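Written below as structure tokens is the structure these notes are about.
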Amino acid sequence: MRQAKAEPYAFDFDPQTCALVIIDMQRDFVDPGGFGEALGNDVSLLRRAIAPTRRVLAAARKAGLLVIHTREGHRPDLADLPQSKKLRGRLKAGIGDPGPMGRILVRGEYGHDIIDELKPAAGEPVVDKPGKGAFHATDLNAILTNRGTRQLVVCGVTTEVCVNTSVREANDRGYDCLVLEDCTGSYFPEFQNAGIAMIKSQGGIFGWVAKSGDFLEALAGTKGRKK
Ligand code: C5J
């Protein structure tokens with residue numbers, strides 16, 4: 001067992017039963033010129049999660065953790081897109097419409113794919129999710145269960161939307177989640193703070209929060225190795 005310094009208290013994990021889950025690090029959310037930026041958001045607030053997430057991804061691969069990537073998006077025929085989601089926001093260009101990087105949040109389009117910096121390696125499952133939560137209408141739970149996974153280390157965007165929704169879903173399914181704060185991002189600084197605070201409040205009501213450096217030390221076994 002390993003132990004990472006975390007809040008509200010130390011996070012115990014076994015690399016054999018622990019998966020790294022990277023949520024929605026897609027061009028349309030994170031890259032300059034994508035859908036997120038076209039909506040008027042400052043993508044630099046999300047992009048600062050890239051470098052620490054790269055370090056965590058490299059270490060997780062080296063340690064043999066199961067690595068899972070998710071992407072939010074829809075079938076090209078939009079048959080899985082609820083009308084409520086299509087209409088929400090009254091956007092000029094919304095989901096399924098032509099956007100700066102192809103049809104917005106449509107599978108197979110350039111903007112829908114994961115950024116080059118965090119490109120999935122061969123054999124790493126990529127879970128396509130039509131909703132905010134990574135468990136809704138996906139095979140994520142089956143993938144995790146089949147590998148005997150008990151703990152999730154979570155990175156990605158956005159903190160208060162898809163990261164929080166996925167962590168809450170995971171919590172209800174019996175997984176222990178550690179969210180790496182510097183590997184997450186929100187377009188809204190106040191939501192970043194609140195999204196992180198909500199996870200670790202009330203004794204860790206949805207899970208734990210740590211800095212990536214503390215998780216990396218524990219994973220490397222340089223600190224926090226437990227019998
Ligand atoms: C959003 C996400 N914010 N991945 N998606 O719509 O958080």
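The values are calculated or read from the model by the stated rules, or taken from the named source; none is laboratory data. Worth saying up front: this structure is predicted, and the values here are computed from it rather than measured. Glycine also receives a Cβ, built like all others from the backbone with ideal geometry; neighbour counts cover every protein chain displayed. Side chains are part of the model used for accessible areas, which takes the heavy atoms of the whole protein and leaves out ligands, DNA and RNA. Shrake-Rupley method; radii C 1.70, N 1.55, O 1.52, S 1.80 Å.
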- [ ] State yes or no: is Arg173 of a type in the set (Lys, Arg) and either under 19 Å from Ala10 (Cα atoms) or under 11 Å from the mean Cα position of the chain (by Cα) (or both)?
- [x] no
Task: Restricting segment 79-103 to residues that are in a strand (DSSP E or B) and touching a residue at least 12 places away in the same chain (Cβ under 8 Å), the residue that is least open to solvent (accessible area, probe 1.4 Å) - done: Gly99
TODO: Six or more apart or on different chains, Cβ under 7 Å: which pairs go from a residue in segment 1-16 that's more than 15 Å from Trp208 (Cα to Cα) and open to solvent by less than 60 Å² (accessible area, probe 1.4 Å) to one that's assigned to a strand (DSSP E or B) and at pLDDT 95 or above? Could you list them?
DONE: Pro15/Arg2
Open item on the list: It is to be established whether one or more residues within segment 144-153 are within 13 Å of the ligand (Cβ to nearest atom), at pLDDT 95 or above and open to solvent by less than 10 Å² (accessible area, probe 1.4 Å).
Closed with: no
Task: Extreme residue, nearest to Arg47 (Cα to Cα), among residues of segment 158-193 that are touching a Phe, Trp or Tyr at 6+ places or on another chain (Cβ under 9 Å) and aliphatic (A, V, I, L, M) - done: Leu180
Open item on the list: Residues that are under 23 Å from Pro82 (Cβ atoms): list the strands (runs of 3 or more DSSP E) wholly contained in segment 104-196 that include at least 1 such residues.
Closed with: 126-129, 151-157
TODO: Please tell me if Ile199 is among the β-branched types (Val, Ile, Thr), more than 23 Å from Lys62 (Cβ to Cβ) and open to solvent by 50 Å² or more (accessible area, probe 1.4 Å).
DONE: no
Open item on the list: For segment 157-164, check the following and say yes or no: at least one residue is touching a Leu at 6+ places or on another chain (Cβ under 7 Å) and among the aliphatic types (A, V, I, L, M).
Closed with: yes
